[in-house]
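The values are calculated or read from the model by the stated rules, or taken from the named source; none is laboratory data. Since we're looking at a predicted model, the values are computed, not measured. Cβ placement follows ideal geometry from the backbone for every residue including glycine, while neighbour counts extend to all protein chains displayed. Heads up: the accessible areas ignore ligands, DNA and RNA and are worked out on the full protein's heavy atoms, side chains in. Shrake-Rupley method; radii C 1.70, N 1.55, O 1.52, S 1.80 Å.
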Amino acid sequence: MNDGMVQISFTLPIKNDDRATAIATQYCEKMGIIKPKIVKQESLDPNFTFFVIYGSCKHKIEIDQIKIKAKEYKILSHEEMEKIVKNEIGRKITIVGAAIESDAHTVGLDAILSAKGFAGDHGLESYNFFNAINLGSQVPSEELIKKALSIKADVVGISQIITQKNIHIYNLSKLLELLEGEGIRDRIILICGGPRISNALAKELGYDAGFGPGTTPTRVASYIVNEFLNRKKKKRKFLSDL
Ligand code: B12
């Protein structure tokens, strides 16, 4: 951090020879690496070469000036969540999820809900305090809402992968309007996810939270448990203030 020394690695689509060394060196210099030293250069195949480089980086970061917004919720361990749900909530949390409207991509939703999970992290189905229902792909918004009402869902999770012509915005807004029309928006924790979804975008659209690429089931579960608890506390305070 303070001497600027870095190690980087990359592959270039070029043959492994002296010319490749010169190209990789120039590439590093353009990235702001001073005196790049190639410590590994090997062929991956006849037309691709892999490099490992040491060098000093000329860019500086004023670390004291970097301010980040504190996370809105803490990532909890499975045990912590179980304890909170048992002691503070006292019943299972029901979540229903779907890839709505024309969207047929279910891998992201399955990653969060199915027991198999994502990146070695088991999905919500595997938690004994979640009742997780996955309706799959191309579910009309009306059908999802009907299901959410019939099972008294606490959480509704939408997956939107297709973003061409901003279809994800249209679909997410449609679902929200329908929920508001039914008068149940405030009773539900409404979340969405997908490659072009961020927490900021979700909030802008009127959702409670949004989850983008790389989201793990533990993160989603932690958010839900925290949010459930926050709402319960607010309700308790409201009643005691009466
Ligand atoms: C697999 C795939 C398909 C499969 C889907 C199979 C299935 N059962 O899901 C099939 C072959 C059916 C398919 C079809 C199409 N696809 Co496709 N597909 C993909 C592909 C290769 C991978 C997507 C994926 O599975 N990602 C892995 C998951 C784990 O990531 P994720 O979805 O982001 O999910 C994570 C987060 O976003 C979040 N998350 C997601 N959902 C949710 C929900 C909740 C509640 C929460 C909390 C979190 C959450 O958590 C997940 C885990 O971290 C991508 C390209 C790519 N490499 O990304 C194209 C891609 C998404 N497809 C694309 C397109 C265009 C199509 C088609 C229109 C192609 C065509 N012309 O027919 C059709 C559309 C079908 C339809 N009606 O929806 C485009 C979309 C472009 C865009 N910006 O809109 C992409 C990006 C390819 C491309 N580069 O052009 N596709």
Taking into account only those residues within the range 107-149 that are without any contact (Cβ under 8 Å) to a residue 60 or more places away in the chain and under 16 Å from G214 (Cβ atoms), which is nearest to the ligand (Cβ to nearest atom)?
V107
For the range 66-107, name all the residues that are closer than 24 Å to L149 by Cα and surrounded by 20 or more Cβ atoms within 10 Å (Cβ to Cβ).
V85, I93, I95, V96, G97, A98, A99, I100, E101, D103, T106
Just checking, how many residues over the range 20-64 are open to solvent by 60 Å² or more (accessible area, probe 1.4 Å), under 12 Å from I8 (Cβ atoms) and in a helix (DSSP H, G or I)?
1
Would you please name the residue that is nearest to the chain's Cα centre (by Cα), looking only at residues in the range 83-116 that are at pLDDT 95 or above and acidic (D, E)?
D110
Looking at A104, A99, which is the one that is free of Cβ contacts under 8 Å to residues at least 60 places away in the same chain, in the same structural domain as G214 (by TED's automatic domain parsing), near the ligand (Cβ under 9 Å from one of its atoms) and among the aliphatic types (A, V, I, L, M)?
A104
Members of the range 174-200 that are open to solvent by 10 Å² or more (accessible area, probe 1.4 Å), in a helix (DSSP H, G or I) and either out of contact with any helix residue (DSSP H, G or I) (no Cβ under 8 Å at 6 or more places or on another chain) or in contact (Cβ under 8 Å) with a residue 24 or more places away in the chain (or both)
K174, L176, E177, L178, E180, G181, E182, D186, R187, N199, A200
When you go through L190, L179, L149 one by one, which is the residue that is in the same structural domain as K235 (by TED's automatic domain parsing) and closer than 14 Å to I224 by Cβ?
L190
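For the range 73-108, which residues satisfy the criterion of being in a loop (DSSP other than H, G, I, E, B) and small (G, A, S)? Talk me through it step by step, then tell me what you get.
Within the range 73-108, the first condition is being in a loop (DSSP other than H, G, I, E, B), and the residues that meet it are 73-77, 90-92, 101-106.
Hits for the range 73-108 are S77, G90, S102, A104.
Those residues that are more than 10 Å from the ligand (Cβ to nearest atom) and either surrounded by 15 or more Cβ atoms within 10 Å (Cβ to Cβ) or under 25 Å from K92 (Cα atoms) (or both), I need them from the range 150-172; list them, please. Before the answer, list the steps.
The initial filter retains those residues of the range 150-172 that are more than 10 Å from the ligand (Cβ to nearest atom), namely 150-154, 169-172.
The answer is S150, I151, K152, A153, D154, I169, N171, L172.
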